[in-house]
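Just so it is clear, none of the values below were taken in a lab; they were calculated from the coordinates. What you see is a predicted model; the values in this text were computed from it and never measured. Glycine gets a Cβ as well: all are built from the backbone with ideal geometry, and neighbour counts include every protein chain shown.
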Amino acid sequence: MTEVIDMGGFGGYIWTSYGFALLSLSWLTYTSWKKAKVAAQQLANLQKRQPNNNA
Amino acid sequence: MIPFFAQIERDLLIAWRNRQDLGVMLIFFVIIISLFPLAIGSNTAILDPLAVPIIWIAALLSILAGFDRLFAQDVSDGWLDQVSLSQLGLGWYALAKAISHWLSAGLPLLIMTPMMALMLNISVSQFPPLMVALLFGSMGLTLLGVIGAALAEGARRGAALMALLILPLTVPLLIFGTLASQSETGVISPHLMLLGAVFLVLLAISPLVAATALEIGETETGL
Amino acid sequence: MFDFFASPSRFTRITNRLLLPLVIISSVCALIGLYLGLFVSPADYQQGHTVRIIYIHVPAAWLALFGYVGLGLCGLFYIVWRHPLADVAARAIAPVGTVFAFLTLVTGALWGKPMWGAWWVWDARLTSMLILFFFYLGFMAVANGFDRVERGSRPAALLALVGLINVPIVKFSVDWWNTLHQPASLLRSGGPAIDASMLTPLILMLVSAHAYFTIVVILRMRALLTERRAAKLMLRPEKTTSRSLTS
C-alpha cells in the first residue's frame, strides 16, 4: 500500500495532480448542476406567479 | 477616397489639439524603460541582452495604453452613427483611425526609440534592424489596438478588458519583432519577413473586425 | 439542418436523453482508465511513475483545445447565421475549457518539476496553453463585460472567431520562439513513445473526458436557457388574478 502512495518517490506530484483534477472537475460539475437547478427553481417560481401563456 | 483622408485629417487635428497627450505617452514610454534597469540592477551583463526586449515591451504598453478610449468620443457625440451612414463606412473609418493613431502616437514613439536604445547600451549598428522591426511592430500593435478598442467599446472596465483581449494576440508581434530587431544578418531577416506577414494579416482583418464590432455596439446602445 | 437545433425545448428533450448514457460512459471509462493508468500500466524507464500524470494531462490539454475550436465555431455560427443556441453554447463551453486549460497547466507543472527540475519551463506547448488560457479568460471577460449581458454576445463571438484565426499564428510564433531559445529541448516531441499498455488507459481517459465535457456543457446550456426564459418572464407585466383597472 505504501508503495502505491509513494509511487517511487513521486507520489506527491502524482497524487496532487489526480487530486487537483478530481477537485476542480467536481467543483465544475457541482457549480454547473447548481446553476441549472437554481435557474429551474427561479423559472418555476415565476411561472407560478403568472398564468403560463407562452413561456 | 476623399472622406477617408478627411477622417484621417480630422483625427490628426484632434490629436494636435490634444498634443499634451502625446507628451504623456512618451514620458510613459521612458519611465517604463527606466523601471527595468531599476528592478534588474545595473549589471550590464544581465541588462544588455535584455535591452531590445525592454524597448519592445515598453513600446507595446505605451501604444496600447489609452486605446480603450479610441472610439469613445466619436460614439458619444454621434459621429460614429454619421460615419456608418455615410459613404465612408465603418471599415475605412477604422483603418483611418489606425493610421491617424499611428501617426500621432506610434511614429513619435519610433522617433524617440534611438535615444532610448542608447540609454540601454544598444550598439548603433543594431539600430537599423531595431527600427525597421519596430516600424512594423508599432503598426501591427496599432491595428490590434483598434480591434480591441472596437470590441471593448462601451464595456465596463474597458481598459482592462481591452488589455486582456489583445495581449495574447500581441505575442507573435513581440516574438518576431524582438527576433528581427536582434538580427545578425542586417535589416532583412527571416524574422522580419514573418513579422511583415503578421502585420499584413492584421492589416487585412483589423478594419473588418473593428467595423463589425462597432456596428454591433451601434445597434445595441441605449436601453 | 441546424434549424433542427434552434428550438430550445427540442434541445432540452434531446439532451435529456443523452445525459444518462454520457454519465455512464464517462464514469465507466474513467474508472477503468484510472485503474489501468495508476496501477497496471508500466512506469516509464526514464521518468518513473511520474509518467502517470499523462493520463490527466493529455486529456485535459486535448479538451482545452477542443473547447477552443468549439468556441470558434460557435462564434462563427453566431456572427454569420445568428443561430440562437450558438451564443448559449459558447458561454457554456468557455468556463469548462478554462478549467481544462488550467488543469493542463497545473498538471504540466507537477509533471515538469520531477522531470525537468522546474515548476515552469517556457516550453512551446506550455506557453501556448498559457496563452490559450488567457484567451478563454478574455472571451469570458467580453461576454460578461457589459451591463446588459446580451450586449457582450456578439463581441465575444467575434473574439472567438478572431481567435480561431489568430491562435494558430500565436502557436506558430511560440513554437518558432521555443526552438530558437531552447535548442536542446528537454521535451522530445510527442513525449515517450506510446506503448499499447499506456495507450489503452489514455484513450479511455480521453473518451471519459469528452463525455464529461459534453455533460457539463449541456448542464450549463440548460441553466443559461432557463435563465433566459426566466428573464423574459420577468419583463412581462404581471397579470393579477383580481380585476384590474384596464382589462
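Which is the longest run of chain B containing none of the trypsin sites (Lys or Arg not before Pro) found in DSSP loop states (not H, G, I, E, B) with at most 16 other C-beta atoms within 10 Å?
Value returned for the longest uninterrupted segment is B:1-155.
Is any helix in chain B, taking whole DSSP H runs, at least 15 angstrom long along its axis by alpha carbon and on average at least 1.6 on the Kyte-Doolittle scale, and which ones?
Those that pass (Cα extent of 15 Å or more, hydropathy at least 1.6) are B:19-40, B:44-64, B:107-119, B:127-152, B:158-181.
Take the alpha carbon atoms of segment B:161-198, find their center, do the same for segment B:1-29, and report the distance between the two centers in whole angstrom.
The distance from the Cα centre of segment B:161-198 to that of segment B:1-29 comes to 25 Å.
Could you state the number of Å between the C-alpha centres of segment C:132-163 and segment A:1-24?
36 Å
Using the count of nearby Cβ atoms within 10 Å as a rough guide to exposure, how do B:MET1, B:MET119 rank from fewest to most?
Ranking B:MET1, B:MET119 by Cβ neighbours within 10 Å, fewest first, gives B:MET1, B:MET119.
Return an integer: the convex hull volume of the alpha-carbon atoms of the protein assembly as shown, in Å³ per residue.
Measuring per residue, one finds 201 Å³ for the Cα hull of the protein assembly as shown.
Kindly express, to the nearest 10 degrees and within the range 0 to 90, the angle between helix C:196-235's C-alpha long axis and the longest C-alpha principal axis of chain C.
Helix C:196-235 and the main axis of chain C meet at about 20 degrees.
As a test of understanding, state the convex hull volume per residue of chain A from its alpha carbons, in Å³.
80 Å³
Kindly express, to the nearest 10 degrees and within the range 0 to 90, the angle between helix A:11-49's C-alpha long axis and the longest C-alpha principal axis of chain A.
Once rounded, one gets 10 degrees.
Provide Rg and Dmax in Å for chain C, with only Cα atoms included in the calculation.
Considering chain C through its Cα atoms, Rg and Dmax are 21.9, 84 Å.
Most exposed first by the Cβ proxy, i.e. fewest other Cβ within 10 Å, how do C:MET234, A:MET1, B:MET25 rank?
Fewest-to-most Cβ neighbours within 10 Å comes out as A:MET1, C:MET234, B:MET25.
Over every pair of different alpha-carbon atoms in segment B:21-97, take the mean of 1/r and invert it; report that Kirkwood radius in Å.
15.2 Å
Can you give the longest run of chain C that contains no trypsin sites (Lys or Arg not before Pro) sitting in a DSSP loop with at most 14 other Cβ atoms inside 10 Å?
It runs C:1-81.
As a test of the formula, what do you get for chain B when each DSSP H run with n ≥ 4 contributes -39,500 (n - 2.57) and the sum is divided by the residue count, at 222 nm and rounded to the nearest 500 deg cm²/dmol?
-27000 deg cm²/dmol
Between B:MET115 and B:ILE2, what length in nm is gained on full extension when 0.36 nm per residue of separation is reduced by their alpha carbon distance?
The B:MET115-B:ILE2 span can extend by a further 37.0 nm.
Give, rounded to the nearest 20 debye, the magnitude of the charge dipole that segment B:2-220 has about its Cα centre when Lys and Arg contribute +1 at Cβ and Asp and Glu contribute -1 at Cβ.
340 debye
Using Cβ contacts closer than 10 Å as the measure, can you line up C:LEU31, B:LEU174, B:LEU47 from fewest to most?
Fewest to most other Cβ atoms nearby, the residues stand as C:LEU31, B:LEU47, B:LEU174.
Would you calculate, for chain A, the mean residue ellipticity at 222 nm contributed by helices, counting each DSSP H stretch of 4 or more residues as -39,500 (n - 2.57) and dividing by all residues, to the nearest 500?
So the helix-based figure for chain A works out to -28000 deg cm²/dmol.
Pairs of Cα atoms under 8 Å, at least six residues apart: use those to get the relative contact order of chain C, whole percent.
Computed over chain C, the figure is 32 percent.
For chain B, what's the relative contact order in percent, using C-alpha pairs closer than 8 Å and at least 6 residues apart?
After rounding, I find 27 percent.
With Kirkwood's inverse mean 1/r over C-alpha pairs for Rh, give me the Rg to Rh ratio of segment B:2-220, two decimals please.
0.99
Taking Cα atoms of segment B:86-147, Rg/Rh with Kirkwood Rh, to two decimals?
My calculation of the ratio gives 1.14.
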